[in-house]
1. Run the quick spin-label model on residue 166 and residue 10: label points 7 Å from Cα toward the beta carbon, then report their separation in nm to one decimal.
2. With the calculation restricted to Cα positions, what are the radius of gyration and Dmax of the chain in angstrom?
3. May I ask you to list the chymotrypsin sites (Phe, Trp or Tyr not before Pro) in segment 112-190 that are in a DSSP loop and have at most 14 other Cβ atoms within 10 Å of their Cβ?
4. Pop out the Kirkwood hydrodynamic radius of segment 131-205 from its pairwise C-alpha distances, inverse of mean 1/r, in Å to one decimal.
5. Could you tell me the calculated FRET efficiency between residue 97 and residue 175, based on Cβ-Cβ distance and R0 = 22 angstrom, to the nearest 0.05?
6. Give me Rg/Rg_expected for segment 53-155, where Rg uses Cα atoms only and Rg_expected = 2.2 N^0.38 Å with N residues.
7. DSSP beta bridges in segment 77-205, what fraction antiparallel, as a percent rounded to 5?
8. Using a Förster radius of 30 Å, what is the FRET efficiency between residue 113 and residue 29 based on their Cβ-Cβ separation? Nearest 0.05, please.
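The values are calculated or read from the model by the stated rules, or taken from the named source; none is laboratory data. All values derive from a computational prediction rather than experimental measurement. When we count neighbours, we look across all protein chains shown, and the Cβ atoms used for this are built from the backbone with ideal geometry, even at glycine. Accessible surface is based on the protein model in full, side chains and every heavy atom, while ligands, DNA and RNA are left aside. Shrake-Rupley method; radii C 1.70, N 1.55, O 1.52, S 1.80 Å.
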Amino acid sequence: MGGRARFNAMMDSVFRLPPVFDDSYYGQVIHEIREMQVMNMGNYAHGNQPIQHQIYLYDWSGQPWKTQFWVREVMNRLYSAAPDGYCGDEDNGQTSAWYVFSALGFYPVCPATDQYAIGAPLFRRALLHLTNGRTVTLSAPANSDSCRYIGAISIDGKSYTKTYFTHDELLQGPIISFDMRSQPVKTWGTGAGDVPYSFTNYNYR
């Protein structure tokens, strides 16, 4: 797309465009389209599963605070503990899996790698009891609806600036601490070495 600036502009446009659509393929307005219109998030249609990884792509393009903002927006606006609490279809558990991972603070954007892209944890504390007997502790004591941005992360007390966790790191049962802030911290996770794996290095430019 011509570098980070153009890529981020295209990403931003998804949320800024009006919810326009072409339903000629279906012959009618399907429920995913209607939900996109009702939720007023531009052309972002979370109920159509292929787009559910998109928000996390800001982790690759030097603006992880936008991932943090939009992940929390989707969790707050498109999910609820009501009979209609899922948007779109719950195909093979994907829509709920997105929520569970995102609420913990990370998501497997590309299952072909061993990396989980970091978003914004929903809870102040969560424990993951692993089958190897170890426990991952996710701690974000300042977390709240207004404090959705990551200011810093530490793993077992050591500063961590990457915008992803690896599977092996999680298997060790670390204590992961999130320093949550009310305003975007535009310096965290933006270094060339902080981004998740990419087939090329073009996105670093």
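1. 3.0 nm
2. My reading of the Cα-based Rg and Dmax gives 17.3, 56 Å.
3. 123
4. About 13.8 Å, per the Kirkwood formula over Cα pairs.
5. 0.35
6. Taking N as the residue count of segment 53-155, the ratio is 1.09.
7. DSSP beta bridges in segment 77-205 are roughly 85 percent antiparallel.
8. Using R0 = 30 Å, I get an efficiency of 0.25.
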